[in-house]
Amino acid sequence: MSTQGAGQAAAILAGLGGVGNIDEIEPCTTRLRSLVKEPSRVDAAALRAAGAFGVMVSGRVVQVVIGPSVDTLASDLEDLM
Amino acid sequence: MHAKQSPAVPARGAHKYQAVRSYLVGLVEAGLRVGDAIPSERALCERFGVSRMTVRQAVDALVGEGVLVREQGRGTFVAPRRMDFEMRLTTFGEEMRRRGMRPETRVLGMGTVAASAEAADALGTEPGAALHHLRRVRYADGSPMSIEQHWVAVDLVPGLLAAGPPPSMHDALRAVGLDPSWGEETLTAAEATDEEAALLGLRGTRAVLRATRRTFSADTPAMYSNACYRGDRYSVWVPLSAPAPALVPRVREPDDRPARARDDEREAVGALEDGRTG
């Protein structure tokens, strides 16, 4: 089972390299589409462990598959950013 | 001046081609019915005062788009209408019945296979893990529409295929408490293989749409699927809405400052982040 609530948001943010590594995060229907400063600071295994169902990295764009709970995750992320 | 005049010749050719094309599209939309023949090449040449090559170009384009279908030695006819599918987590059978059409299935193969790297990644299993596999052709009112394959982890639903191929994969998953609740699908344009073209009865065009899908039941990746839809009968429509506003960190770095200053600030932001989340 995936981590839920604010704990999951913190874990996802850490997996993306922390707030300092984020330019922006766009919540889509089932994914978080993030633009990061430094892709090497993204930890795909940590994102998986935080409940992501997939991580796709293309340049500075990191897509994290979350599912329909992406809405609530996005509000939790907003509180941490 | 020469540079301005030279495009006029191809433009006039394009105009004639467009006229033939619009005329044919108009016939299909207003006059002709599915299966009716279009006017002969000679009749179209005479009507528009154009070469046979121009007429062929217009007809070929509409054959390629699936509006017309050419039957060897018989002529060119109005093709069956395309079907619009909204991207939803439904099955082929459910979509067909909703349209008042009769879905049918021909099972091509069924068994247990070792998970490929791709399937393992999609289903969250180890590569090589045992997966149920089902491959079948789906028909709408007797016409082949798509070739589907499904993979489900044996560990997850041991008895999935015990009673033969399930008529509905979604129903089979629901029966064991794995109600499909969300998914992701990726669509790719492609050319049919010889086998696919034969199974789908493709003539003329070999364009197909490949769909790769992961079906989840809440937090469980339940099924990995791919489908090969015939490009001449199948359209996808996707409801669009404006994207939600992006989340942006509250502390932003001005981009016009030297790299060194930005690095210093990044460390400060990092410290702030630790304080907030830790």
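Any residue in segment B:210-219 that is among the aromatic types (Phe, Trp, Tyr) and surrounded by fewer than 16 Cβ atoms within 10 Å (Cβ to Cβ)?
Applying the first criterion (among the aromatic types (Phe, Trp, Tyr)) to segment B:210-219 yields B:216.
From what is left, the residues that are surrounded by fewer than 16 Cβ atoms within 10 Å (Cβ to Cβ) are none.
Among the residues of segment B:210-219, not one is among the aromatic types (Phe, Trp, Tyr) and surrounded by fewer than 16 Cβ atoms within 10 Å (Cβ to Cβ), which makes the answer no.
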Somewhere in segment B:188-196, is a residue acidic (Asp, Glu) and modelled with pLDDT under 95? no
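Residue under question is residue B:55, and the condition is that it be assigned to a loop (DSSP other than H, G, I, E, B), more than 25 Å from the chain's Cα centre (by Cα), more than 20 Å from residue B:230 (Cβ to Cβ) and of a type outside the set (Phe, Trp, Tyr); does it hold? First the steps, then the outcome.
Values: assigned to a loop (DSSP other than H, G, I, E, B): no; more than 25 Å from the chain's Cα centre (by Cα): yes; more than 20 Å from residue B:230 (Cβ to Cβ): yes; of a type outside the set (Phe, Trp, Tyr): yes.
No.
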For segment B:204-217, state whether one or more residues are modelled with pLDDT under 85 and under 30 Å from residue B:109 (Cβ atoms). yes
Filter segment A:18-50 down to residues that are without any contact (Cβ under 8 Å) to a residue 24 or more places away in the chain and within 27 Å of residue B:241 (Cα to Cα) and give me whichever is most open to solvent (accessible area, probe 1.4 Å). A:24
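Could you list all residues from segment A:1-13 that are facing chain B (nearest Cβ under 7 Å) and open to solvent by 10 Å² or more (accessible area, probe 1.4 Å)?
Residues of segment A:1-13 facing chain B (nearest Cβ under 7 Å): A:1-2, A:10, A:13.
Within segment A:1-13, A:1, A:2, A:10 qualify.
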Residue check, residue B:124 against (1) within 23 Å of the chain's Cα centre (by Cα); (2) under 23 Å from residue B:155 (Cα atoms); (3) not basic (Lys, Arg), all met but one. Which one? (1)
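Hand me the list of strands (runs of 3 or more DSSP E) wholly inside segment B:100-185 holding 1 or more residues that are over 22 Å from residue A:67 (Cβ atoms) and open to solvent by 70 Å² or more (accessible area, probe 1.4 Å).
On the way: elements: B:103-114, B:130-140, B:143-153.
Here the list reads B:103-114.
Inside segment A:56-68, can you point out the residues that are touching a residue at least 24 places away in the same chain (Cβ under 8 Å) and more than 8 Å from every other protein chain (Cβ to nearest Cβ)?
Residues of segment A:56-68 that are touching a residue at least 24 places away in the same chain (Cβ under 8 Å), as a first pass: A:60-68.
Within segment A:56-68, A:60, A:61, A:62, A:63, A:64, A:66 qualify.
Of all residues being under 9 Å from the mean Cα position of the chain (by Cα) and not aliphatic (A, V, I, L, M) in segment B:213-229, which is nearest to residue B:62 (Cα to Cα)? Just the residue, please. Before you say what the answer is, go through the steps one by one.
Restricting attention to segment B:213-229, the residues satisfying the condition of being under 9 Å from the mean Cα position of the chain (by Cα) are B:227-229.
Right, trim to not aliphatic (A, V, I, L, M) and you get B:228-229.
Details: B:228: 22, B:229: 19 Å.
The extreme case among them is B:229.
Any residue at all in segment B:70-93 that's assigned to a helix (DSSP H, G or I) and either more than 17 Å from residue B:211 (Cα to Cα) or open to solvent by 30 Å² or more (accessible area, probe 1.4 Å) (or both)? It would help to see each step written out before you state the result.
In the first step, residues of segment B:70-93 are kept if they are assigned to a helix (DSSP H, G or I); the result is B:92-93.
Of the ones still in play, those that are also either more than 17 Å from residue B:211 (Cα to Cα) or open to solvent by 30 Å² or more (accessible area, probe 1.4 Å) (or both) are none.
No, that holds for no residue.
The values are calculated or read from the model by the stated rules, or taken from the named source; none is laboratory data. These numbers were taken from a predicted model, which means no experiment stands behind them. Ideal geometry is used to build each Cβ from the backbone, glycine not excepted, and the neighbour counts take in all protein chains shown. We work out accessible area using only protein heavy atoms, side chains counted, and drop any ligands, DNA or RNA first. Shrake-Rupley method; radii C 1.70, N 1.55, O 1.52, S 1.80 Å.
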